[in-house]
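Visitor: Got a structure for you, questions after.
Each value in this text was obtained by applying a stated rule to the coordinates, not by laboratory testing. Please read these numbers as outputs of a predicted model, since none were measured by experiment. Positions of Cβ are backbone-derived with ideal geometry, glycine not excepted, and every protein chain shown enters the neighbour counts.
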Amino acid sequence: MSQHRQGGARTMPRRAPEPMVEVLRDFGDPPSSAPRRRPSLLVPLVVGAGVAVALGVYGRTHTPTGIAVNVAGFSSPLTVKVWLGTGAAFFAVIQLLSALSMWGRLGGFSPSWAGAAHRWSGRVAFLLTVPVAVHCLYALGFADYDTRTLLHSLLGCFFFGAFATKMLTLPKRGLAGWVLPTVGGLVFVALIGVFLTSSVWYFTTFGIQF
Amino acid sequence: MKRLTPLLTLLSGAVTAAVLFTMSAQASPPGTQPAAGGAPPAAAPAPPAEVEADTDAEVDPDAAPPGEEPGDVDSSPPTDSDPSSAGTEVTTVEQNWIGQLENGATIAITVKNGKAEAYVCDGRSMELWLSGTVRDGKIELTGQDAKLTGVIRGDRASGEMIVGVRRWKFTARPDNTSADEAVVKSGPGTAPAIYRVTDETRKAGFDGGWIMLRDGTQIGIVTWNGQPIPAPPLDPAFNSTVVNGVTLVAEPVIPGVR
């Protein structure tokens, strides 16, 4: 499965010829259960965790201003965010479908453009979330008034951490087959959770507004 | 090259965030625009420098924003008028009087075409809405169980407010400091100083009022579940704020409109 992304074009480096290196690696890398040399996920995970924690800490310590820039054409900041978030969730669904297609999980439907669709829907979805997150963090901050806001705050921070991890993981070659689907799935679940606790909550509470 | 694209995605998101943070930091309440007490010359060159520093140094989405907090008192008319012009239409009043009651509460009276609306609040638990007239130097306003009378002499208004059996004196001074900005936006006039949540929001059971003070700060009260609580500052770009996770939308109080 893991070969799908790589398309078999890149050959994984063979086991290092010098035993010395192998021994040293074992010392530095306690979980030596992995039979092959897998690229380390340490940096992506640490950076992702750092991003998530930093966003949360910033959102918590920064005094919410209630002030942030507006986007033209909407009646209030909340509707702007609600619709940007809805757009991001829409592209996230495309993400899921294109990923399933890429990994051959949609039956025979695996068009050549699935990869491009996946990359571009992901970029669009991510960029749509950025203004929303900026407004949330700058104007509102990390909140825990109730379960919804707490869940939303936690998932929001987690989403950007997970996304950073995903982006930093992508360039690595020779990953275990479960890594990208797992990280991608976490990003997707986080975004949908954020969407449910914000946009969907808004639509069901205040009705659909523009 | 292909290996770089995920990083480029991250980077572009970070830069977008940095730009938005900077713009947000520069969006400021109408009351702070004049920056009379501040240092206007310093404020002008500051914003561009901030933008550059951010986009250059920004690699992580969270690296720069915390440092920008002091920037939110900076004001930059172009960036401010852009976002806010997209919102509600700008309305103006003739004159605002802002002052204090004996008991320390803040009073704001806004006047247009002889009609007047006033809001008295202490920012904690006491608030009162009044409406009436200001004509020929005489202030006459009434509210629920309340009556306010006063006179205007020169640039000073004074009088007393009676609520039930209690009586407080008040003094107020004109607040025209926002006039310049209002001229830029929509012709002669003074920016409104009193904001109240919209009718729809009031129907939903919330009330709230805000006074934009000369120094750019705000004082206000939100009635939440029937209890008055200190109001968080109103976002001037959208005239809204969030209380306990619920967004309250306010609008400027213009005498004669309601």
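Visitor: Between region A:146-177 and region A:105-138, how many Å separate their Cα centres?
Guide: The two parts, judged by their Cα centres, are 14 Å apart.
Visitor: A further question follows. Rounded to the nearest 0.05, what FRET efficiency do B:Thr133 and B:Arg202 give with R0 = 35 Å and r taken as the Cβ-Cβ distance? Could you check?
Guide: It comes to 0.90.
Visitor: For region B:165-174, what does the Karplus curve 6.51 cos²θ - 1.76 cosθ + 1.60, with θ = phi - 60°, yield as ³J(HN,Hα) per residue in whole Hz, taken in order and with x for Gly and Pro?
Guide: 9, 9, 9, 10, 7, 9, 9, 8, 10, x
Visitor: Still on this structure, I have one more. Measure up A:Lys81/A:Lys166; B:Lys112/B:Lys138; A:Lys81/B:Lys203; B:Lys147/B:Lys203 against 22 Å on the Cα-Cα distance and list the ones that go over.
Guide: From the list (A:Lys81/A:Lys166; B:Lys112/B:Lys138; A:Lys81/B:Lys203; B:Lys147/B:Lys203), the Cα-Cα distance tops 22 Å for A:Lys81/A:Lys166; A:Lys81/B:Lys203; B:Lys147/B:Lys203.
Visitor: At R0 = 51 Å, how high is the FRET efficiency between A:Thr61 and B:Gln144 if r is their beta carbon distance? Nearest 0.05 is fine.
Guide: Between A:Thr61 and B:Gln144 the formula returns 0.80.
Visitor: Something else: Enter the mean number of other protein chain beta carbons within 10 Å of the beta carbon of each residue in A:135-148, as an integer.
Guide: Per residue, the average neighbour count from other chains is 3.
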